[in-house]
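Single-structure report; data block below.
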Amino acid sequence: MAAVGSGGSPASAGPGAVSAGALEPGTATAGNVKHLVLFLHEAVLVQYVDTLKLAVPSLIYTLQNNLQYVAISNLPAATFQVTYQLKILTTALFSVLMLNRSLSRLQWASLLLLFTGVAIVQAQQAGGGGPRPLDQNPGAGLAAVVASCLSSGFAGVYFEKILKGSSGSVWLRNLQLGLFGTALGLVGLWWAEGTAVAHRGFFFGYTPAVWGVVLNQAFGGLLVAVVVKYADNILKGFATSLSIVLSTVASIRLFGFHVDPLFALGAGLVIGAVYLYSLPRGAAKAIASASASTSGPCTRQQPPGQPPPSQLSSHRGDVSTEPFLPKLLTKVKGS
């Protein structure tokens, strides 16, 4: 069977052989569209076993998207935004279990801080949290958002494991995800609303607001890809914190959401946890060293005639200099 990769030599000779240049979608000009089609046939259909591996995360992402609709329908937008940050905790736990990753003490502490903040916000929500629509069920919303976070963490780590264990490029894997996701979504639509769609049409109910949500989701996915490629995890942490603040402000303005001290405390803990978790290992060690030096005794002087101790380099490879975050180069569904 011909090997298909993102940077290797051309596949074995034959009518279906495709050069590696057809891997990137930007090369699909008038001269090599045929080669791209042949490559997709080889990578998606001929090597179907490799393609079927993407059915698992695609099914989970499709389920996750529907769980998010249930959660946001039963929780205030600000509460949902804060609680949904639990996906950082679930992703970290699955990465330790499935990828044998190690987390620093500061990251474990930030995860505990994150869980505490979410628990405080949920306690505030259970205690009343101001007026809310009668059709909202906070219990169902919490269950949906927790299930969505669990599925997001597992699917993200599973997808990363597939990327690192095969030679297929990221865009090919996203194409395979899209194929399964579209098929599963259509099956779910037919099962739930098949009669209504057949009677009223597929695009019935697509108001300008709905199209705005669709375009916003697509544009947000592109922005995530740009942030991952050109920015760092600290900036991503600031963006997450800003999204919580903006969601809270918009909820106050549009839905009359009430911010009490308990919610402010929980949201503040979550924002601080996201920032601490996003710090690079070098910065985390510097913070720990600074706190130890201010609370401990004076540093020991080097005896005369002895060479100074060797300084440890702050660059020890990707594992030491980068915090754990799923290293996906593009936005996939549900993330």
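The values are calculated or read from the model by the stated rules, or taken from the named source; none is laboratory data. Keep in mind that this is a model prediction, so the values were computed, not measured. Virtual Cβ from ideal backbone geometry, glycine too; neighbours counted across all protein chains shown. Protein only, heavy atoms only, side chains kept; ligands, DNA and RNA dropped before computing areas. Shrake-Rupley method; radii C 1.70, N 1.55, O 1.52, S 1.80 Å.
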Net charge dipole size for segment 47-172 [Lys, Arg +1 and Asp, Glu -1 on Cβ; Debye, nearest 20]:
280 debye
Based on Cβ point charges of +1 for Lys and Arg and -1 for Asp and Glu, what charge dipole magnitude is obtained for segment 157-274 about its Cα centre, in debye rounded to the nearest 20?
260 debye
For Ser169, enumerate residues with amide H under 5 Å from its amide H, sequence gap 5+ or separate chain, H modeled in the peptide plane.
Ser6
At a probe size of 1.4 Å, how large is the accessible area of Thr248, to the nearest 10 Å²?
20 Å²
Once fully extended, how much extra length lies between Arg253 and Ala77, figured as 0.36 nm per residue of separation less the alpha-carbon to alpha-carbon distance?
62.2 nm
Let me check the size of segment 169-277 from its C-alpha atoms; what are the radius of gyration and Dmax in Å?
19.2, 52
Label-point separation (nm) for Val37 and Ala198, each offset 7 Å from Cα along Cα-to-Cβ?
3.3 nm
If amide H atoms are built 1.01 Å from N in the plane of the peptide, which residues on other chains or at least 5 residues away come under 5 Å of the amide H of Asn32?
none
Derived scalar couplings ³J(HN,Hα) [segment 149-156; Karplus, 6.51 cos²θ - 1.76 cosθ + 1.60; whole Hz; x for Gly, Pro]:
5, 4, 5, 5, x, 5, 5, x
Computed Rg/Rh of segment 114-206, alpha carbon atoms with Kirkwood Rh
1.11
Among Gly153, Ser166, Thr90, the residue whose Cα sits farthest towards the positive end of the charge dipole of segment 88-192 (+1 at Cβ of Lys and Arg, -1 at Cβ of Asp and Glu, taken about the Cα centre) is Ser166
Global geometry of segment 40-120, whether rounded, prolate or oblate, following the gyration tensor of its Cα atoms and the 1.5 cut on a/c:
oblate
Using the Karplus curve 6.51 cos²θ - 1.76 cosθ + 1.60 with θ = phi - 60°, work out ³J(HN,Hα) for each residue of segment 264-275 in order, rounded to whole Hz, and write x for Gly and Pro.
4, 5, x, 5, x, 5, 5, 4, x, 5, 4, 5
Yeah, segment 71-170 with a ≥ b ≥ c from its alpha-carbon gyration tensor (a/c under 1.5 is rounded, else prolate when a/b outruns b/c, oblate otherwise) is oblate
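Taking a threshold of 21 Å on the Cα-Cα distance, which of the pairs Lys53/Lys161; Lys34/Lys164; Lys164/Lys236; Lys53/Lys236 fall above it? Don't skip to the end; give the middle numbers.
Working: Lys53/Lys161 11 Å; Lys34/Lys164 28 Å; Lys164/Lys236 23 Å; Lys53/Lys236 29 Å.
Violating the 21 Å Cα-Cα cut-off are Lys34/Lys164; Lys164/Lys236; Lys53/Lys236.
Can you give the local net charge around Gln81? Use residues other than it whose beta-carbon is closer than 15 angstrom to its beta-carbon, Lys and Arg +1, Asp and Glu -1. Please list the in-between numbers first.
Working: positive: Lys87, Arg253; negative: none.
It works out to a net charge of +2.
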